[in-house]
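Just so it is clear, none of the values below were taken in a lab; they were calculated from the coordinates. This one's a predicted model, so the numbers in the text were calculated from it and none came from an experiment. Reconstructed Cβ throughout: ideal geometry from the backbone, glycine too, with neighbour counts over all protein chains shown.
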Amino acid sequence: MTVLDINKARACFPSLKSGHIYADNAGGSRTAQPAIDRIVDYLSNTNAPLKAGCAAINSQYVVEGSIAAVELFNATSLDEVGFGSSSTMLFENIARALENDIQPGDEFIISYEHEANNGPWKRLAERRNAVLKYWRPIPVSAENPYSVAYKVEELLPLVSSRTRLAAITACSNILGSVHPVEEIVKALRQRAKEQGAIKIEVVLDCVAYAPHRRMDVQKWDVDYCVISSYKVFGPHNAVAYVRSAALQTSLTSIAHDFLKVDDKPRKFQPDGPGHELVYGASAIVPYLKSLTPADDLTASFDAIAKHEQEILTPLLRFLTDAKQVDRGVRIFGKSEVDFSRISTVCFVVVGQNAIKSKDIVEAFYKKGGITIQRGYFGSYHLIDNLRPKLDVDDGVVRISFVHYNTAEEVEKILDVLREVLA
């Protein structure tokens, strides 16, 4: 397996030169210099409406963003990708465009994950008198009630002849769990067929997954997929994949009524996105490919996964050590380091000597030089439904690494944790 050139990677991020340790990457990664350069280039030299004098140049720049998105998703066509201000907005746009294809009594299956891929379907269900069903995570550890996972065998009984849509995640931003999307979707579609469901579509949240693993919407057989560019080393916008068949048969345009949108992404992308941000996002794929000599996305993500697992190991080993468990430390998700766990770790400290998550994070701030975060990170209902009940507003402590983090940075984080948990 190709080894990641960590020094080369870090050199692409100007914000890392300060020496500050960013361990809050699940909330937003640093922005790679090539993305910054493209934004500056666009705004400095060609910033004008696409129909103005710079139309040819500007249009090509925007198209480059779509070309990169197609490769990142492994979509089949430029018409299958569109941009928006955030993943939350894109999911909401898709839900609005789906409204006319939803009938009263249709059933939606959603999981207790980030509200970006839950809220739009809750609201759509209310508008169209559809039925919500929840895929709940279950405990997988007798010792740790917060070590929970989503199991396919818990999902399939929710499927009926009225199932119209399933909204799931490729990876949990709290549990750190990588879900077997291909297996889940295959089982879901098979059960729907057996139950006589007329039409079922799968909506996939890949926001927490995309910085760590290679996406493949064709292999997964999903209909919709959304990521946040600013969590994949690009600018602050988001990208959606919508399968061609869904564009043709499921979505009604939410664009201006006088526009001829046919089966283009403008059906769910009203008016134009921020063109300079789309051009900035076009740098994501070339940057990722540059991480290995193979100049190949799959090779790069393999190297990323290997590096992240190596730096994750000491943190997980510390937090799950018997001494820390006795201290009251409880992590979320699985404690093993393997391909089914990304380098995002959430934990709480409970029991007789409980420590508020807020106090742990503040201890890092007082030390200085390291950023971690605490909260519910958009997954309010996941944390609120765990038992024993937690203070959702205090939330969980989250430490999240990506490929530009180093073993030395992890050791400095552990030094602070040893003091806090002493």
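Here are the numbers for the structure shown:
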item	result
Label-point gap, in nm, between Gln195 and Glu336 - each point 7 angstrom along Cα→Cβ	3.0
Sequence ranges 272-278, 360-366, ranked by mean other-Cβ count within 10 angstrom, highest first	272-278, 360-366
Net charge over other residues, Cβ less than 15 angstrom from the Cβ of Ala255 (K, R count +1; D, E count -1)	-2
Percent RCO, i.e. relative contact order, over region 353-416, from Cα pairs under 8 Å lying at least 6 residues apart	35
Rel. contact order, % - alpha carbon contacts under 8 angstrom, at least six apart, the chain	24
Global form of region 287-355, assessed from the alpha-carbon gyration tensor, a/c cut-off 1.5	prolate
Residue order, fewest to most beta carbons within 10 Å, for Ser400, Ser228	Ser228, Ser400
Packing rank of 216-225, 137-146, where each peptide gets the mean count of other beta carbons within 10 Å, highest leading	216-225, 137-146
Additional length obtainable on full extension of the chain from Thr313 to Ala294, 0.36 nm per residue less Cα span	4.2 nm
Simple label model, 7 Å out from Cα along Cβ direction - Asp321 to Lys17, nm	3.7
Helix runs (DSSP H) in the chain reaching 18 Å along axis by Cα, Kyte-Doolittle at least 0.0	55-73, 297-319, 407-420
Calculated from backbone phi, Karplus (6.51, -1.76, 1.60) coupling profile of region 202-209 in Hz, x at Gly/Pro	10, 10, 10, 8, 10, 4, 7, 8
Difference of contour (0.36 nm per residue) and Cα-Cα distance, Gln60 to Glu154	29.2 nm
FRET E, pair Lys8, Glu182, Förster distance 35 Å, beta-carbon r, rounded to 0.05	0.65
Bridge type composition, the chain - antiparallel percent by DSSP, nearest 5	55
Cα-Cα over 26 Å, subset of Lys193/Lys219; Lys219/Lys289; Lys8/Lys358; Lys199/Lys231; Lys193/Lys264; Lys289/Lys367	Lys8/Lys358; Lys199/Lys231; Lys193/Lys264; Lys289/Lys367
Neighbour-count ranking [beta-carbon atoms within 10 angstrom, fewest first] of His179, His212	His179, His212
Residue exposure sequence - Val420, Val202 - by fewest surrounding Cβ within 10 Å	Val420, Val202
Relative contact order [Cα under 8 Å, 6+ residues apart], region 39-287, whole percent	27
Estimated vicinal HN-Hα couplings, Hz - region 328-341 in sequence order (Karplus 6.51, -1.76, 1.60; Gly, Pro = x)	x, 6, 10, 8, 9, x, 7, 9, 7, 9, 7, 5, 8, 9
Extension gain (nm, one decimal) between Ala354 and Thr371, 0.36 nm per residue minus Cα-Cα	3.9 nm
For region 39-287: Kirkwood Rh in Å [reciprocal of mean 1/r, alpha carbons]	18.7
Region 268-280 - phi-based ³J(HN,Hα) in whole Hz, Karplus 6.51/-1.76/1.60, Gly and Pro as x	10, 10, x, 6, x, x, x, 4, 5, 6, 5, 5, x
